[in-house]
Amino acid sequence: MGEMRTVDNPDDPALEPFRDIRERDLVRSGGFIAEGTVVARGLISSPFFRPTALLTLRSRLSGIADIVERMPSDAPVLVTDNAVLDRIAGFAVHRGVLAHGVAREATEPLSLTDRLAGIAAKGGTVVVAVGIANHDNIGAIFRNAAAFGADLVLLDAQCCDPLYRKALRVSVGAVLQVPFVRLAPAQALDALRAAGFRTFALSPQGDPDLSRLERLGPAALFLGTEGEGLPSDLMACMEGVRIDMVPGFDSLNVATSAAIALQRIYSARRGASPA
């Protein structure tokens with residue numbers, strides 16, 4: 001457990017990691033903020049990130065004893081009141097709990113090739129997000145990936161930052177549990193194929209319906225933006241699959257589509273009937 005102390009001065013240097021959170025969200029420098037108890041617990045248990053400090057309202061202390069006890073010894077626990085918290089954050093922080101996090105240093109980082117080989121060997125799943133710039137969708141995609149056992153998320157350069165505070169919150173901390181890598185779609189496709197993955201492009205024009213998939217080995221699910229979808233040249237290189245729906249209806253929200261598709265892949269891999 002880190003040192004606990006009360007902070008009553010909004011100019012206290014210890015509060016620097018939590019200052020002007022909205023502006024820090026935009027420039028993404030000096031780590032990230034986990035907002036709320038659910039995301040803070042996700043940060044505490046993350047194999048990829050670690051907390052460097054915790055800031056909480058006095059009134060919230062009794063309800064987060066487990067978080068406080070699990071804070072690293074070098075990560076201070078700062079206790080304050082609403083006026084100080086709202087002033088340094090730059091807005092009213094209704095959840096009353098903020099944790100500052102950074103990436104852990106990998107002792108022996110695996111190359112992407114080795115990582116994909118390991119996932120393929122166990123017949124795992126990779127999610128590939130292409131051009132998804134909405135933080136709610138990115139957060140929900142990570143939540144779905146975690147719920148249905150995906151092993152890795154690949155993001156292209158146009159995807160928004162999954163460590164953005166809102167994306168983290170929507171993911172209920174799943175961004176901190178499912179590893180992710182930035183990679184151009186064409187490179188992702190080449191790397192996945194080389195590792196032995198079946199690559200699926202999710203699209204209303206795909207065929208067959210995902211419910212018909214059986215006896216899946218390693219699989220990668222490509223997700224595109226709402227409206228434009230995946231680039232046609234990329235889709236032409238993969239197996240197109242769709243989610244069956246009422247004739248004449250265009251499509252579902254990308255995060256909703258990801259949830260249905262990942263559940264069906266998960267069920268097919270386990271030999272169960274899709275929901």
Of the accessible area of the stretch 29-145, computed with a 1.4 Å probe and all protein chains kept, carbon and sulfur make up a percent value of 51 percent
Keeping all protein chains in place, calculate the accessible area per residue for the stretch 120-169 (probe 1.4 angstrom), answer in Å².
31 Å²
State to the nearest 20 debye the size of the charge dipole of the chain about its Cα centre, where the only charges are +1 on K and R beta carbons and -1 on D and E beta carbons.
660 debye
Using the alpha-carbon atoms, what tilt in degrees (0 to 90, nearest 10) does helix 135-147 show relative to the longest principal axis of the chain?
70 degrees
Pairwise FRET efficiency - MET245 versus ALA117, Cβ, R0 = 41 Å, nearest 0.05:
0.70
Based on the Kirkwood radius over alpha-carbon pairs, what is the Stokes-Einstein translational diffusion coefficient of the stretch 62-207 at 10 °C with 1.306 mPa s viscosity, in µm²/s?
90 µm²/s
Mean Cβ neighbour count within 10 Å, used as a protection proxy, ranking 251-261, 217-227, 186-196, 32-42 highest first:
32-42, 217-227, 251-261, 186-196
Labelled set (1) 124; (2) 153; (3) 143; volume of the Cα convex hull per residue in Å³ computed from this model equals the value at (3)
Here the percent of antiparallel bridges among DSSP beta bridges lying wholly in the chain, to the nearest 5, is 30 percent
Cα-based helix-to-principal-axis angle, 254-270 vs the chain, degrees rounded to 10:
70 degrees
Computed over the stretch 1-142, Kirkwood Rh from alpha-carbon pairs, angstrom
16.8 Å
What number, rounded to the nearest 500 deg cm²/dmol, is the helix-based mean residue ellipticity at 222 nm of the chain, given -39500 (n - 2.57) per DSSP H run of at least four residues and division by all its residues?
-9000 deg cm²/dmol
So how compact is the stretch 158-239: Cα radius of gyration and Dmax in angstrom?
14.4, 38
So what is the relative contact order for the chain, in percent, with contacts set as C-alpha pairs under 8 Å and at least six apart?
19 percent
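The values are calculated or read from the model by the stated rules, or taken from the named source; none is laboratory data. Bear in mind that the values here come from a model prediction, so they are computed numbers and not experimental data. Counting neighbours? That spans all protein chains shown, and the Cβs are built from the backbone with ideal geometry, glycine included. For the accessible areas, the whole protein counts, side chains as well, though only heavy atoms, and no ligand, DNA or RNA atoms are used. Shrake-Rupley method; radii C 1.70, N 1.55, O 1.52, S 1.80 Å.
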